[in-house]
Amino acid sequence: MTRNVFLFFLLIAVVSISANDDYFKETARDRAGLMESIKITREDVFANMERRREQLGKMLEKAKEDLADHEAGRSLLSDEEREKTAKRAEILERKLERMVDVDEREIDRMHMREERRQARRRSRSREL
């Protein structure tokens with residue numbers, strides 16, 4: 001009896017895995033079709049970089065705000081948290097400084113890198 005129940009559940013598991021696998025293959029093919037029609041431009045790369053710069057700026061503001069709150073005594077951080085937050089603020093500042101000095105060659109490199117990434121995604125989607 002228990003063996004039959006075990007075999008029944010095993011059969012259900014195999015069938016559901018097979019159905020999920022077929023579903024993911026179909027959605028991957030659909031994505032591949034969409035990706036064929038979507039081409040990334042230099043403007044897209046630049047817009048992504050601007051969005052990233054804004055995101056990093058917000059993260060830096062939050063880290064500095066947390067440190068200021070700690071210094072003012074409004075929100076005390078442990079020594080470990082304070083060190084991590086200070087280090088994170090320093091890293092974010094350096095990242096933002098590097099993003100300001102991006103020249104045309106770097107944007108071209110980023111554009112080529114993104115095109116290669118899309119080509120890899122397309123080839124993987126076709127394999128499924």
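Read-outs throughout are calculated quantities, based only on the coordinates presented, and are distinct from any laboratory measurement. A quick note: this is a predicted structure, and the numbers were derived from the prediction, not measured. So basically every Cβ, Gly included, is an ideal-geometry build from the backbone, and we count neighbours across all protein chains shown.
Taking θ as phi - 60° and the Karplus parameters 6.51, -1.76 and 1.60, the scalar couplings of the range 80-85 work out to 5, 5, 5, 5, 5, 5 Hz in sequence order, x denoting glycine and proline. Each peptide among 78-87, 106-115 gets the average number of other Cβ atoms lying within 10 Å of its residues, and from highest to lowest they stand as 106-115, 78-87. For the pair Arg3 and Val100, the difference between a 0.36 nm per residue extended length and the Cα-Cα distance amounts to 28.3 nm.
What the Cβ-Cβ distance of Met59 and Arg113 gives, at R0 = 25 Å and to the nearest 0.05, is a FRET efficiency of 0.60.
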